[in-house]
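The values are calculated or read from the model by the stated rules, or taken from the named source; none is laboratory data. A quick note: this is a predicted structure, and the numbers were derived from the prediction, not measured. Don't worry about glycine lacking a Cβ; one is built from the backbone with ideal geometry, like all the others, and counts go over all protein chains shown. To get the accessible areas, we keep the full protein, side chains included, count just its heavy atoms, and leave off ligands, DNA and RNA. Shrake-Rupley method; radii C 1.70, N 1.55, O 1.52, S 1.80 Å.
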Amino acid sequence: MDIEDLATRIRAGERRALARAITLIESGRADHRAAARALLDLLADAPGQALRIGLSGTPGVGKSTFVESFGMMLTGQGHKVAVLAVDPSSARSGGSILGDKTRMERLSRDPDAFIRPSPSQSALGGVARRTREAVSLCEAAGFDIVLIETVGVGQSETMVAEMTDLFILLMAPAGGDELQGVKRGIMEMADLILVNKADGDLKPAAERTRSDYAGALRLLRRRPQDPPDFPKAICVSALQEAGLSDAWAEMQALAQWRRETGHFEARRAEQARYWFAEEVRRGLLARLDHDPAMRARMAALGAQVAAGETSVERATAEMLTALGAAP
Ligand SMILES: Nc1nc2c(ncn2[C@@H]2O[C@H](COP(=O)(O)OP(=O)(O)O)[C@@H](O)[C@H]2O)c(=O)[nH]1
Ligand SMILES: [Mg+2]
């Protein structure tokens, strides 16, 4: 594979080259990893950083429908939009990707959009690395808006929030006057809550839900990275394409305020520090799990500890020394 040629074609904005490069970074093969690193290195100085937007919400809330209509609105305004999906459950429910493709039919045919479904991979750490690398590739290819869609399960939201500039939570209208069982941590991460399906019979419920969340957000928190009138909750209808330009105006206003106050760059710097530390931890653990010599040593020391031939403490010190991480 000619990595230089691939890099050139990505810089030229070729979507097929971009898709191939993402397949390369998704591969676990050692030679592919080396090629992926070389590619990312070649593209490291590529101009143009995108606004990175995370989008989360439980299955069925309308994420794919929203991405389709929101994405179409943005490309209509001259933006180039990349959509990446993070779905830790997709290994099990392969069907969700098919569903997404049909719901994003217009966007997937739009020459100014690029859609990449979630790789069916299990370990969240691996997904995190691949998604971050995919974001870099999309930016190198000239996409100025990167949407990362994730389902509201497990740690995937935290992971997506740690790699985006804005984190949007999509909600459905609640049936009664009760707040939906949203985890507090997610409410604390959200920069903007969009209550979707504010149309037809659901409209009054959506408005009630919106006002409940707006109240809850005000009570819940005050963060330094928010302007005085944030966090906000607004109503949208992805299906009827209503409220989308309002939602975009709020996102832009928030990003602009953060840029002017230094919070935008500070957050990116903090994220870089976070992922650096994560990757080092991951690398150490990977060595423990995959390096045959280390595994053999682990097994041998484990057997000695079990047989009472050495103490837990002594075996631990020996193992950590072997890993180059002497206690
Ligand atoms: N009434 C209404 N239905 C919607 C809206 N957005 C999505 N839906 C419907 O909700 C269902 C789930 O949508 P989907 O985009 O697949 O949700 P996802 O699982 O979060 O990606 C589909 O039947 C959509 O047609 C909306 O704004 N209004
Ligand atoms: Mg979906």
>> Which numbered condition in (1) touching a helix residue (DSSP H, G or I) at 6+ places or on another chain (Cβ under 9 Å); (2) closer than 30 Å to ALA161 by Cβ is the only one that GLU309 fails?
In response: (2)
> Out of (1) touching a residue at least 40 places away in the same chain (Cβ under 8 Å); (2) part of a helix (DSSP H, G or I); (3) away from ligand 2 (no atom under 16 Å from the Cβ); (4) more than 17 Å from ASP112 (Cα to Cα), what's the single condition that is false for MET73?
Replying inline: (4)
>> I'd like the residue in region 84-102 that is in contact with a strand residue (DSSP E or B) (Cβ under 6 Å, 6 or more places away or on another chain) and more than 11 Å from ligand 2 (Cβ to nearest atom) and, out of all such residues, is modelled with the highest pLDDT.
In response: LEU84
>> For the structure I just gave you, tell me whether SER64 is assigned to a strand (DSSP E or B), under 18 Å from the mean Cα position of the chain (by Cα) and at pLDDT below 95.
In response: no
> Residues LEU301, LEU320: which one is touching a Ser or Thr at 6+ places or on another chain (Cβ under 9 Å), open to solvent by less than 60 Å² (accessible area, probe 1.4 Å) and assigned to a helix (DSSP H, G or I)?
Replying inline: LEU301
>> For the structure I just gave you, tell me whether ILE25 is away from ligand 2 (no atom under 16 Å from the Cβ), under 18 Å from the mean Cα position of the chain (by Cα) and surrounded by 19 or more Cβ atoms within 10 Å (Cβ to Cβ).
In response: yes
> Which numbered condition trips up GLU105, out of (1) modelled with pLDDT of 90 or more; (2) more than 23 Å from MET159 (Cα to Cα)?
Replying inline: (1)
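Would you point out which residue out of GLY262, GLY243 is away from ligand 1 (no atom under 16 Å from the Cβ), open to solvent by less than 40 Å² (accessible area, probe 1.4 Å) and on the phi > 0 side of the Ramachandran plot?
Numbers: GLY243 fails: away from ligand 1 (no atom under 16 Å from the Cβ).
Of the residues listed, the single one that is away from ligand 1 (no atom under 16 Å from the Cβ), open to solvent by less than 40 Å² (accessible area, probe 1.4 Å) and on the phi > 0 side of the Ramachandran plot is GLY262.
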>> Any residue in region 227-241 that is assigned to a loop (DSSP other than H, G, I, E, B) sitting within a Cβ distance under 7 Å of a residue that is polar (S, T, N, Q)? List the pairs, counting only those 6 or more apart or interchain.
In response: VAL236/ASN196; ALA238/THR65; ALA238/SER69; ALA238/ASN196; LEU239/THR65; GLU241/SER69
